[in-house]
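Notes to accompany the following structure.
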């Protein structure tokens, strides 16, 4: 399997296909900002939003490297509009990665 095929397979398994867990695209569909910010009391665990931002930043970096662009923006606001923008960016970056990998030779 080539590096490109390995990346495509990983993106499909995490974002589009149900493998060990539901695909990220489905898990984010109806999640609200309140739900994404929830954190168990007394536990040092990241919120869903923090985890999504972690994934998003690294995928945006990968995408920018594929296109030789070094810019990305991380949201700092915890309201519903900011959360929906994060979900939108996440959906976009996975789709763009998939498209970029398909179009590369």
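Here residue 58 clears all of (1) outside any helix (DSSP H, G or I); (2) over 17 Å from residue 28 (Cα atoms); (3) at pLDDT below 85 except the condition numbered (1). Taking every residue in region 1-26 that is at positive phi and without any contact (Cβ under 8 Å) to a residue 60 or more places away in the chain and pairing it with any residue that is part of a helix (DSSP H, G or I) and exposed (fewer than 11 other Cβ atoms within 10 Å of the Cβ), at least 6 positions away or on another chain, yields no pair with a Cβ-Cβ distance below 8 Å.
The single condition among (1) at pLDDT 90 or above; (2) surrounded by 13 or more Cβ atoms within 10 Å (Cβ to Cβ) that residue 14 does not satisfy is (1).
For region 30-47, taking the residues that are part of a loop (DSSP other than H, G, I, E, B) and touching a helix residue (DSSP H, G or I) at 6+ places or on another chain (Cβ under 8 Å), the one that is modelled with the lowest pLDDT is identified as 46. Residue selection: residue 53 fails the criterion of being exposed (fewer than 11 other Cβ atoms within 10 Å of the Cβ), modelled with pLDDT of 85 or more and either assigned to a helix (DSSP H, G or I) or within 17 Å of the chain's Cα centre (by Cα) (or both).
The values are calculated or read from the model by the stated rules, or taken from the named source; none is laboratory data. All values reported here derive from a predicted model rather than from experimental measurement. In this analysis, Cβ positions are derived from the backbone assuming ideal geometry, glycine residues included, and neighbour counts consider all displayed protein chains.
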